[in-house]
1. If you scan region 1-15, which residues turn out to be modelled with pLDDT of 90 or more and among the hydrophobic types (A, V, I, L, M, F, W, C)?
2. For residues in region 119-129 being of a type outside the set (Val, Ile, Thr) and surrounded by 14 or more Cβ atoms within 10 Å (Cβ to Cβ), which is farthest from Pro160 (Cα to Cα)?
3. For region 80-109, which residues satisfy the criterion of being within 14 Å of Leu311 (Cα to Cα) and either within 16 Å of ligand 2 (Cβ to nearest atom) or of a type in the set (Lys, Arg) (or both)?
4. Might you let me know whether region 77-88 holds any residue that is more than 23 Å from Pro205 (Cα to Cα) and either modelled with pLDDT under 90 or in contact with a Leu (Cβ under 7 Å, 6 or more places away or on another chain) (or both)?
5. Considering only region 64-82, state which residues are part of a strand (DSSP E or B) and β-branched (Val, Ile, Thr).
6. Taking region 195-220, which residues are surrounded by fewer than 12 Cβ atoms within 10 Å (Cβ to Cβ), within 16 Å of ligand 1 (Cβ to nearest atom) and not in a loop (DSSP other than H, G, I, E, B)?
7. Starting from region 235-258, keep only residues that are in a helix (DSSP H, G or I), then list their pairs with residues that are among the charged types (D, E, K, R) whose Cβ atoms are within a distance under 9 Å, requiring at least 6 positions of separation or different chains.
8. Right, Ser30: buried (at least 17 other Cβ atoms within 10 Å of the Cβ), small (Gly, Ala, Ser) and over 14 Å from Val114 (Cβ atoms) or not?
Amino acid sequence: MTIKNLSVIIPVYNEADGLPDLLDRLGAISDILTGEFSLIIDYIFIDDGSSDDSFALLQEYDFGTRLTRLLRFSRNFGKEAALSAGIDAAQYADAAVLMDADLQHPPEMIADFVRIWLTEDIDSVYAYKPSRLRSEGPVKAALSKIFFWVINRDLRYDIPPGAGDFRLVNRRFMNALRSLPESNRFMKGLYGWVGFRQTGLPLEPPPRLRGESNYSPLRLLLMTLDAITSFTTMPLRLMALSGIIVAAASALYGIYVVIQHFLFPSVPTGIVSVLALIAFFGGVQMMFLGLLGEYVGRSVLEAKKRPIYILSDDISRKEKNVADRG
Ligand code: UDP
Ligand code: MG
């Protein structure tokens, strides 16, 4: 049996409170996996510009002989950028696990991913939420339903609803992700876009142990707009389509008014209905213009071709441990 390398990629943003727990549990499951499947496991942490002492904590933690790479961004670039940096760093891994640092992705589940990866012909194994309703309440669940409906309308591939960022990806899946040049990296969409054989395992995510979610409702809304405008142009088509429908309807209405004028000359034409229509279509036009602007803005940002992230530190942890001890 050939020995395989598995990298565990973890973006970290102000997670100092929960890190010790995570590292202990991760260490335990990694030892088990190394024993059971003769895997060589290494860790890649990406500090996404934390303002707490997450990075210091990672630097001081005793990883023993486990190879550990500590990357640090020059500022906060976002989780998607951190995941991309992790995948870039995992150059020699046969597979990588992408997981959150807040223990909402239980490290023990890596064993289930690995088992499928090693025994089945599958390129990516992900965890999905079986019921969004219970964990998120009806409003968020409904919004996410609508989101996945819109985004999946236009596409020849599926972005499975409820699929999260906790997943294992094999070498060719990683290579495919790395080959995507866009700087707006909506990972859930990219996972679907690259294709391959994928399978999901249900996971009811436990609540965050410490700290709170970095994503406010507003940030989620903006990310949703980002995701939609970078993955589908269907809203633009809907705009055009509704323009055609409205134009056709008003033409018919114009004909109707003319006929009415000749048949019943005494009926007055209403000013209120005219005002209402002007206001309504003014609003619709503004909304559509805004949406159009979103697309234009997106292509301006992509046209700049800026790097997805900037590193300020890149420390390989085993070297340092050895140096410390020697
Ligand atoms: N995260 C990050 N950069 C950010 C926000 C979050 O690297 O700007 C990391 C965070 O440390 C965690 C993961 O992304 O490991 C998920 O973040 P969070 O738990 O806040 O999101 P949620 O679980 O609410 O989706
Ligand atoms: Mg979380």
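The values are calculated or read from the model by the stated rules, or taken from the named source; none is laboratory data. As the structure is a prediction and not an experimental result, all values here were calculated from the model. So basically every Cβ, Gly included, is an ideal-geometry build from the backbone, and we count neighbours across all protein chains shown.
1. Leu6, Val8, Ile9, Ile10, Val12
2. Applying the first criterion (of a type outside the set (Val, Ile, Thr)) to region 119-129 yields 120-121, 123-124, 126-129.
Going one step further and asking which of them are surrounded by 14 or more Cβ atoms within 10 Å (Cβ to Cβ), we end up with 123-124, 126-129.
Values: Asp123: 15, Ser124: 13, Tyr126: 10, Ala127: 11, Tyr128: 8, Lys129: 10 Å.
Here the answer is Asp123.
3. Scanning region 80-109 gives Ala82, Leu83.
4. Looking for residues that are more than 23 Å from Pro205 (Cα to Cα) and either modelled with pLDDT under 90 or in contact with a Leu (Cβ under 7 Å, 6 or more places away or on another chain) (or both), one finds at least one in region 77-88, hence yes.
5. First, pick out the residues of region 64-82 that are part of a strand (DSSP E or B): 68-73.
Residue satisfying the conditions is Thr68 alone.
6. Passing the criteria: Pro217, Leu218.
7. Pro235/Glu294; Arg237/Asp154
8. On the way: buried (at least 17 other Cβ atoms within 10 Å of the Cβ): yes; small (Gly, Ala, Ser): yes; over 14 Å from Val114 (Cβ atoms): no.
Here the answer is no, as Ser30 does not meet what is asked.
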